[in-house]
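The structure appears below as structure tokens.
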Amino acid sequence: MIKRVEIGIWYMLFASLLFAGMGVFAKLLSQYLPSLEVVFFRNLFGVILISATLFAKPMRHKGGRPWLLLFRGLMGFLALLCFFYDIAHIPLGEAMTYSKTSPIFTALFAFLFLKEALGKRGWFALFIGFVGIVFITDPFHTPFDKYDILGILSGVGAALAYTSVKELKKYYDTRAIVLSFMVVGSVGPLILMGISRFVKVEELDFMLAEFVMPEGEMWVYIFFMGLLATLAQVYMTKAYGVSKAGVVGTISYSNILFSIALGIVFLNDPFPETIKILGIILIVISGILVARR
């Protein structure tokens, strides 16, 4: 048992490092392409890979909840839009921290929509998490801005997507659930990029942008972004398969540390201010309490 836990921890550490690496390539790519297009290539890579597995092992499920499946795809797409826009405009570690608030919102939505009990420790964890979110926005030195709003929305969108997965797993093959997200995340950007030719709203630049044909090194960034993201998903799945979810969920917060380190080394990101560090610590504590529960 101990060996399985250790293997799960190593799998999740590796997955977290790969996710941070994906963020590096996404940010490098965002220097040339709009974040909406980066989301498109990120999901297209996944659609191709998962679709290829269907030839070896067709999906088997009873189905019956298409609208919930579409909802999961749309919420995941929204979360990714906000997340990748933040990656392009704020330090990588900060963007990753916002995305890791999803367990906090997932616990809240599970209480509201699935009637799951929280208990005193659960409510305490949520309180700590929301205080951490406030500190991440640094209200004492900077105004609450667009990047803060989108960062929080990335956590909320992911949480709504995750909450729906619990119900969807009763009806669909896991690959169908993942594909619902990646197909929407591939078709959605194409529709939005088409609309962007006729609609110009500066405040919606995170979801409206015209297509830019990649060239040269951009294709290298696209390839490694998709590869690292896919491998990260594989090893994260392996981690949850061999170890307890509470242990693995706790280790997943190493993603934030890796993102801060890689951002400083490869992207010239500044080291987070003291209040943001405090916010990160509170969010991690909150997430660990929720995960272990």
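The values are calculated or read from the model by the stated rules, or taken from the named source; none is laboratory data. This is a predicted model, so every value here is computed, not measured. Here the Cβ is made from the backbone with ideal geometry for all residues, glycine too, and neighbour counts use every protein chain on show.
Taken together, 117, 107 contain a single residue that is assigned to a loop (DSSP other than H, G, I, E, B), of a type in the set (A, V, I, L, M) and over 15 Å from residue 280 (Cα atoms), which is 117. For region 130-140, check the following and say yes or no: at least one residue is farther than 23 Å from residue 17 by Cα, at pLDDT below 90, assigned to a helix (DSSP H, G or I) and β-branched (Val, Ile, Thr). Checked against the condition, which is being farther than 23 Å from residue 17 by Cα, at pLDDT below 90, assigned to a helix (DSSP H, G or I) and β-branched (Val, Ile, Thr), region 130-140 yields no hits at all. Contact map, region 111-135: first residue more than 25 Å from residue 165 (Cα to Cα), second residue among the aliphatic types (A, V, I, L, M), Cβ cut-off under 6 Å, separation 6 or more or different chains; pairs are 128/282; 128/285; 131/282; 132/282; 132/283; 135/275; 135/278.
Against the test of being of a type in the set (Val, Ile, Thr), surrounded by fewer than 21 Cβ atoms within 10 Å (Cβ to Cβ), touching an Asp or Glu at 6+ places or on another chain (Cβ under 7 Å) and at negative phi, the options 195, 275 yield a single qualifying residue, 275.
Residues in region 181-207 that are within 20 Å of the chain's Cα centre (by Cα) and outside any helix (DSSP H, G or I) were compared, and the one that is farthest from residue 68 (Cα to Cα) is 205. Just one of (1) without any contact (Cβ under 8 Å) to a residue 12 or more places away in the chain; (2) among the hydrophobic types (A, V, I, L, M, F, W, C); (3) surrounded by 18 or more Cβ atoms within 10 Å (Cβ to Cβ) fails for residue 149. It is (3).
For region 208-222, which positions are part of a helix (DSSP H, G or I) and touching a residue at least 12 places away in the same chain (Cβ under 8 Å)? 218, 221, 222 - these are the residues of region 208-222 that are part of a helix (DSSP H, G or I) and touching a residue at least 12 places away in the same chain (Cβ under 8 Å).
Scanning region 56-76 turns up one or more residues that are within 14 Å of the chain's Cα centre (by Cα) and charged (D, E, K, R). Residue-level analysis places residue 25 outside the set of residues that are surrounded by fewer than 22 Cβ atoms within 10 Å (Cβ to Cβ), farther than 28 Å from residue 275 by Cβ, out of contact with any Ser or Thr (no Cβ under 9 Å at 6 or more places or on another chain) and not small (Gly, Ala, Ser).
Restricting region 22-55 to residues that are under 20 Å from residue 195 (Cα atoms) and hydrophobic (A, V, I, L, M, F, W, C), the residue that is nearest to the chain's Cα centre (by Cα) is 39.
Would you please name the residue that is farthest from residue 253 (Cα to Cα), looking only at residues in region 94-120 that are at pLDDT 85 or above and surrounded by fewer than 13 Cβ atoms within 10 Å (Cβ to Cβ)? Going through the qualifying residues, I end up with 112. Within the option set 80, 13, 54, being in a helix (DSSP H, G or I) and surrounded by fewer than 17 Cβ atoms within 10 Å (Cβ to Cβ) holds for one residue only, 54. Listed by first and then second residue, the pairs linking a residue in region 30-58 that is among the polar types (S, T, N, Q) to a residue that is surrounded by 13 or more Cβ atoms within 10 Å (Cβ to Cβ) and not in a helix (DSSP H, G or I), with Cβ atoms under 7 Å apart and 6 or more places separating them unless they lie on different chains, are 35/206.
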